[in-house]
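Have a look at the structure below before the remarks.
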Amino acid sequence: MSASPGRIAPKKRPGRRLAAAPTAPSVGATGIDAPSDSIRIRTRGLTKRYDDLVAVDHLDLDIHAGEIFGLLGQNGAGKTTTILMLLGLTEPTSGAARVVGLDPSRGPLQVKRRVGYMPDSVGFYGDLTGRENLRYTARLNRIPAELTETTIDEVLDQVGLTDRADDKTDTYSRGMLQRLGIADALVKDPDVLILDEPTTAIDPLGVTEVLELLRRLVRERGMAVLLSSHLLNQVQSVCDRIGIFASGKLIGQGTMEQLAARFGDGRREVEVGLDLPQGADDRHAREVLRKVPGVESLDDGPRPGDPWTLTVAPGSDPAAVRSAVLAAVAAEGLPLASIRAVLPSLEDVYRRAVARPATAAAARPRPSNEDTPAAEDTPAADARADLDRVPAAAPPPVRVVAPDPVEPVTLPSDPPSPEEKP
Amino acid sequence: MTAVPAQPAPRTRSVPGSGWTVVAAKEFGDHLLSARFFVLVIVLGLAAAIPLYFAAAAIREVASGVTDTQAIFIALFWLAPDVGDQFTLPSVTGFMAYVAPLLGLAFSFDSINGERAQGTLPRLLSQPIHRDDVVNGKFVAGLAVIGLVLVTVVTAIAAFGIIRLGIVPAPAEILRIVLWVLLTFVYVSLWLAFGMLLSVAILRAATSALVGFGAWLLLTFFGGLIVSLIGGIIAPVAGTAEEALRNNGTQEALRRLLPDTLYREASLSLLNPQVTSVSTPATIGSYEQAQQRIPSLLSLDQSFILVWPQVVALVAMTVACFALAYVLFMRQEVRA
Ligand SMILES: Nc1ncnc2c1ncn2[C@@H]1O[C@H](COP(=O)(O)OP(=O)(O)OP(=O)(O)O)[C@@H](O)[C@H]1O
Ligand SMILES: [Mg+2]
């Protein structure tokens, strides 16, 4: 792969975005479509059933301009189905969605004009070159001919494919196809980018470039990015917020910290590295650190010389503990090499989150059919109303969704399915 | 995150036009550059050249002794030449009846499932085009290629005829040939639409090619046989003359369910002005009438009236196939 770092610098695209055009009256325009709204993707009660399988179950999601949202979940959790509904490629069974303020099932064309999408197993016409494939996309998007070539050059450069652009895509490796897929999604200069497992086959340096590119697009153009992935460290490093899916339900969403607080094991740690010579007596240093108020215990790292891990006592503020540790280190003149707050890894959080619903569902008293008449219809109707009633002001950019068991009774719930009966 | 703009305005500057034209243009280009296009032109050319050669020879033989050369040029298309003992080659139209279905199928059997297999369908459908733009565009591109192939082949035949026979076709003959090309175009479109239907309904291109091929064999070569078999059982040609004629009529109606029969009947009466009737007489009276009829050349509009029902039936079948493909595609999951 010829991709060299630093090629990714996004450039301005003169003339492509014409400002000051009045916002087109959108489909089903009400509150949600107010001009000051920064929400790019919003769903309320979005549900998709395949026969008796609920692929997506009453999904409520808000994704704002200028953020990257990561969708996580086991295979078959419903990520791709959600994405297809957002694009209007699959009809929701119930519930509603708005993408750039439009209803994807009623105005799919306007939505698709402004949403760049890369499917999970992206494919191209093998007997056309990469450039020709992108040209076709540009034509389908009605990009004026005089802008087409510069746009294509630019996106090819952004994904580092310029050298291979004139080879037939039959000859591309899988990672190159994924790069081309990202370029393809960018050709239309989208306001929203939806990427379904975009980096599974891209090499490590390429992934860094791609993630950097996404961050820049978000920062400089205020794009909203929704990406699904199984690569947790990538998600952790690039996503502003993360949503975790399990069997069609969004069991948690929020920033990494919020998720950690909700699904972490409650352990909070500070990692301290001291620059002690090999074999030196470190008992004094241990003693000092151990005595810092709020420190519960001190553990060695896996190898000698590794940083120590201080566990913060329950009820103490980790930030305060860190300051106290710093003060103690300074007072004692210890040779500090590093200090950092240890967050639980996304993998830990994810593991716990996905393991949780099974037990929660078992403990949850299921409503009987008599208690929830027309359970099929009302939530959807409510959801639609809710969707259009949302005030113009953007809600706080982050929130953690309450877990199912503690959610209010008004929450839509399905009738008990046969196999879940005891 | 800085000040976030409102829902950005939709791009105002864009090329007008509708999605299906873009799809059709791309597909048309693909077809022209594809190997199957060349193969088909060659196969079709050969299929036409062989009977053409012998037909021309036969016509020259006849034409030299005949002063009235009216409608002799057009015989090039329908004359089934005798070659050697007892062996008759099919005419140009006969060959066309065999090959035309393949022409239609070849340009459509993998149009949708091929996109699926390549993984390009979700990407294509996520572009700002309507879903039906995909089928419409592909169908139109197929029609365009078919038209191109037919016009090329027929022009070549006519050129050959003019040179070889030394006869310039009369305007009426040219008109008949043009009408016959249109008829063939409709017939090929039927198979194009059928191939489209297969490509939507069957997820694997190889399977849909096989099914299409099977349908072609069945309808073109064994169709008549099967229909006579069924006809022989439900309406045997026996008993009194009236009964026999009636049952014969029933069998004929059955045969008319075959697009192959429709096409052959219609092309024969379009090309050959001597053909005055495409159906067996329904009563003894009409049979006698037909016997007494003086052999004469039909005028073009008379021929046209004769084939009108066949043309309508072929068009209806085409529309039905395409509509079915269309509806199926609109209801299909993007990933299936
Ligand atoms: N066309 C279909 N018919 C029936 N069921 C389907 C169909 N498409 C998807 N499903 C089911 O819907 C559920 C959700 O599928 P989806 O593709 O959204 O999962 P995913 O989260 O994207 O999984 P992965 O991580 O493997 O990509 C799965 O159980 C799948 O079997
Ligand atoms: Mg998926």
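The values are calculated or read from the model by the stated rules, or taken from the named source; none is laboratory data. Nothing here was measured: the structure is a model prediction, and the numbers come from that model. Every residue, glycine among them, receives a Cβ derived from its backbone with ideal geometry; neighbour counts consider all protein chains shown. Just so you know, the surface numbers come from the protein's heavy atoms only, side chains and all, with ligands and any DNA or RNA stripped out. Shrake-Rupley method; radii C 1.70, N 1.55, O 1.52, S 1.80 Å.
Quick notes on this structure:
- The mean count of C-beta atoms from other chains within 10 Å of the C-beta of residues in A:97-104, rounded to a whole number, is 1.
- Projecting label points 7 angstrom from Cα along Cα→Cβ for residue B:335 and residue A:342 puts them 3.8 nm apart.
- Mean separation of Cα contacts under 8 Å (6+ apart) over length of the stretch A:44-93, as relative contact order %: 37
- Using θ = phi - 60° and Karplus 6.51 cos²θ - 1.76 cosθ + 1.60, couplings along the stretch A:38-46 (whole Hz; Gly, Pro as x): 9, 7, 9, 10, 9, 10, 9, x, 5
- Modelled FRET efficiency - R0 35 Å, residue A:309 with residue A:201, Cβ distances, 0.05 increments: 0.45
- Within 10 Å of each Cβ in A:131-137, the average number of Cβ atoms from other chains: 3
- Residues in the stretch B:210-235 reached by a label modelled at residue B:257 [backbone nitrogen below 18 Å; 7 Å Cα→Cβ]: B:215-235
- Estimated FRET transfer efficiency when R0 is 25 angstrom, pair residue A:219-residue A:257 (beta carbons, to 0.05): 0.75
- Segment residue A:74-residue A:170, length gained on full extension (0.36 nm per residue, minus Cα span): 31.5 nm
- Area hidden from solvent between B and A (accessible, protein heavy atoms only, 1.4 Å, total, Å²): 4200
- Relative packing of A:294-301, A:153-160, A:314-321, A:120-127, which averages over residues the other C-beta atoms within 10 Å, highest first: A:153-160, A:120-127, A:294-301, A:314-321
- Highest mean packing comes first when the peptides B:261-269, B:206-214, A:284-292, A:106-114 are listed by Cβ atoms within 10 Å, giving B:261-269, A:106-114, B:206-214, A:284-292.
- Label-point separation in nm, residue B:49 to residue A:91, each point 7 Å along Cα→Cβ: 5.3
- Solvent exposure of the stretch B:148-272 amounts to 45 Å² per residue of accessible area, where only protein heavy atoms count and the probe is 1.4 Å.
- Distance (nanometres) between label positions extended 7 Å along Cα→Cβ at residue A:296 and residue A:106: 5.3
- Cα centroids of the stretch A:124-183 and the stretch B:84-134: 28 Å apart.
- Highest-first packing order for the peptide set B:120-129, B:326-335 is B:120-129, B:326-335, based on the mean count of other beta carbon atoms within 10 Å.
- Additional length obtainable on full extension of the chain from residue B:221 to residue B:162, 0.36 nm per residue less Cα span: 18.0 nm
- Distance from the C-alpha centroid of the stretch A:191-227 to that of the stretch A:47-74: 19 Å, rounded to the whole angstrom.
- Cβ neighbours within 10 Å from other chains - mean over B:17-25: 2
- DSSP bridge orientation in the stretch A:189-292 - percent antiparallel, rounded to nearest 5: 50
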